[in-house]
């Protein structure tokens with residue numbers, strides 16, 4: 001049975017919806033009389049009073065859900081309010097929609113009669129339609145965040161997943177509003193909303209971390225992973241989220257989730273945890289399992305036909321590896337121990353080379369760190385890394401592409417996973433990527449002439465290296481400013497060494513092409529040959545000519561023709577003359593010295 005507070009809320013909402021969709025009879029009469037629209041203020045005044053009453057009813061019953069039919073009407077009004085312009089009625093409509101959207105956000109948290117999945121879908125619609133304004137108003141609502149946290153930690157998995165998804169969407173919209181990317185909320189609301197979120201952050205982080213563990217085997221774990229990743233991303237909430245992940249022992253669950261193609265987003269949590277303590281310490285304690293899982297995920301995301309939902313999932317994996325081994329020689333060497341025999345380097349080459357995967361930035365960091373680790377391990381290890389299929393070529397191709405493509409084309413290559421970069425951040429990302437790629441090429445081409453020779457013919461590489469060599473100070477992460485000039489010298493030396501071989505190969509390629517023509521000419525000459533005695537030709541049916549074994553200058557079709565020409569003809573004298581003119585005797589061949597030719 002409805003309480004007085006719930007009845008008051010529903011009556012106030014119906015009143016606002018009626019006024020929002022229509023007008024009072026007095027205003028209708030004035031408008032029909034031809035008065036300007038600005039003079040029809042009775043409806044607007046009534047709407048404002050109804051909204052004030054609705055907000056008062058909302059504050060009096062913060063945990064009261066809305067009936068589904070009223071929630072649907074609220075969604076339509078919210079969408080209409082966001083499409084309207086800047087007149088007074090539109091501003092009132094947006095104020096009403098933002099204020100009352102929070103009532104719909106509670107749908108499913110308390111009403112056990114509603115389907116949790118449908119309720120979660122409604123909440124997502126409200127937040128995505130209303131954006132930061134609705135998110136800020138929701139965060140200002142008394143008790144709404146704590147209600148969501150309480151439901152997120154409940155025993156019912158479906159409702160817990162819906163609550164975690166709501167909190168993730170809410171924090172994401174508030175983050176966009178704080179960055180100023182989608183417009184501010186009402187004056188004073190953003191500050192209050194952020195203060196409420198800051199106060200509730202420990203509880204939200206705990207719910208997210210425990211949700212990862214508790215919902216690991218359910219379809220709702222994605223909401224927990226998303227919420228934990230959102231909390232780990234900003235520096236302000238990252239420490240609390242890292243502590244919650246440690247206390248809940250969420251890292252092993254995140255690693256197990258990474259073995260599932262539909263849960264690779266958990267790699268973003270690993271990447272962000274590596275940036276702060278105690279997250280990094282927890283990951284280093286589990287380093288063998290962490291690196292083995294990341295190596296397997298790298299191979300899987302590079303495989304053709306992988307079932308991952310989006311390239312950003314692969315970006316999460318690459319970013320996690322980069323964060324863990326960058327600047328840590330021991331970690332880079334440990335990952336190389338797994339990557340070198342495990343077929344990870346060809347997968348890394350795929351991520352460097354493929355601009356559609358958005359991997360180049362993180363993959364270049366990984367390649368540079370592994371090349372440094374291999375260089376420190378000795379020439380054999382360095383040669384093995386340089387010989388990895390496609391790695392050198394991928395780094396060279398990516399370097400040429402980043403330096404020669406337009407910024408819009410480079411954007412897909414260099415953007416980090418799940419991050420929106422400002423122009424200055426984007427420029428810094430591009431320059432650091434170039435530095436990583438040059439350092440990688442510098443170390444790997446030192447492995448020997450074969451490494452540099454594999455780069456000959458990469459389009460645009462020489463021009464890219466020359467551009468970097470002209471101004472090495474402009475590219476960060478290049479400790480050795482002579483790296484680009486040295487790679488350029490090695491490339492040109494390899495090209496010069498290949499030039500004679502290229503000419504010889506061209507001549508060799510021309511010889512087989514001439515052989516068929518020569519063979520065809522010899523065949524035609526053989527068919528035209530004739531017997532020296534009877535003049536029959538090889539082209540005639542049944543005729544097979546054989547050379548005289550003495551002089552090998554004439555042919556006969558039979559033993560009889562050869563004997564006849566030897567005895568009666570002039571071949572005897574001619575054959576002796578030819579043999580006498582030969583300076584080298586053919587004593588080893590007794591048959592050739594016989595008085596009569598053997599045919």
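The values are calculated or read from the model by the stated rules, or taken from the named source; none is laboratory data. For clarity, every value in this text was computed on a predicted model and none was experimentally measured. Methodologically, a virtual Cβ is constructed for each residue, glycine included, from the backbone with ideal geometry; neighbour enumeration extends over all protein chains shown.
In region 171-188, the qualifying residues are those that are assigned to a helix (DSSP H, G or I) and more than 10 Å from residue 227 (Cα to Cα), and the one that is modelled with the lowest pLDDT is 179.
Rundown of residues vs (1) surrounded by fewer than 18 Cβ atoms within 10 Å (Cβ to Cβ); (2) at pLDDT below 80; (3) in a helix (DSSP H, G or I); (4) in contact with a helix residue (DSSP H, G or I) (Cβ under 8 Å, 6 or more places away or on another chain), yes/no style:
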| residue | (1), (2), (3), (4) |
| --- | --- |
| 408 | yes, yes, yes, no |
| 411 | yes, yes, yes, yes |
| 416 | no, yes, no, yes |
| 426 | yes, yes, yes, yes |
| 429 | no, yes, yes, yes |
| 437 | no, no, yes, yes |
| 464 | no, no, yes, yes |
| 478 | no, yes, no, yes |
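Please give the number of the condition residue 305 fails out of (1) farther than 20 Å from residue 362 by Cβ; (2) at pLDDT 90 or above; (3) surrounded by fewer than 19 Cβ atoms within 10 Å (Cβ to Cβ). With (1) farther than 20 Å from residue 362 by Cβ; (2) at pLDDT 90 or above; (3) surrounded by fewer than 19 Cβ atoms within 10 Å (Cβ to Cβ) applied to residue 305, the lone miss is (2).
Condition (residue is over 19 Å from residue 168 (Cα atoms) and either at pLDDT 90 or above or in a helix (DSSP H, G or I) (or both)) applied to region 261-268: is it met by at least one residue? Scanning region 261-268 turns up at least one residue that is over 19 Å from residue 168 (Cα atoms) and either at pLDDT 90 or above or in a helix (DSSP H, G or I) (or both).
Out of all the residues in region 277-286, is one or more within 19 Å of residue 315 (Cα to Cα) and assigned to a loop (DSSP other than H, G, I, E, B)? Looking for residues that are within 19 Å of residue 315 (Cα to Cα) and assigned to a loop (DSSP other than H, G, I, E, B), one finds none in region 277-286, hence no. Test residue 214 against the stated conditions and say whether it is surrounded by fewer than 24 Cβ atoms within 10 Å (Cβ to Cβ), within 23 Å of residue 322 (Cα to Cα) and out of contact with any strand residue (DSSP E or B) (no Cβ under 8 Å at 6 or more places or on another chain). In short, no. Residues considered: 113, 125. Of these, the only one that is at pLDDT below 75, in contact with a helix residue (DSSP H, G or I) (Cβ under 7 Å, 6 or more places away or on another chain) and more than 21 Å from residue 203 (Cα to Cα) is 125. Evaluation of residue 327 against the conditions (1) in a loop (DSSP other than H, G, I, E, B); (2) at pLDDT 85 or above shows that the sole unmet condition is (2).
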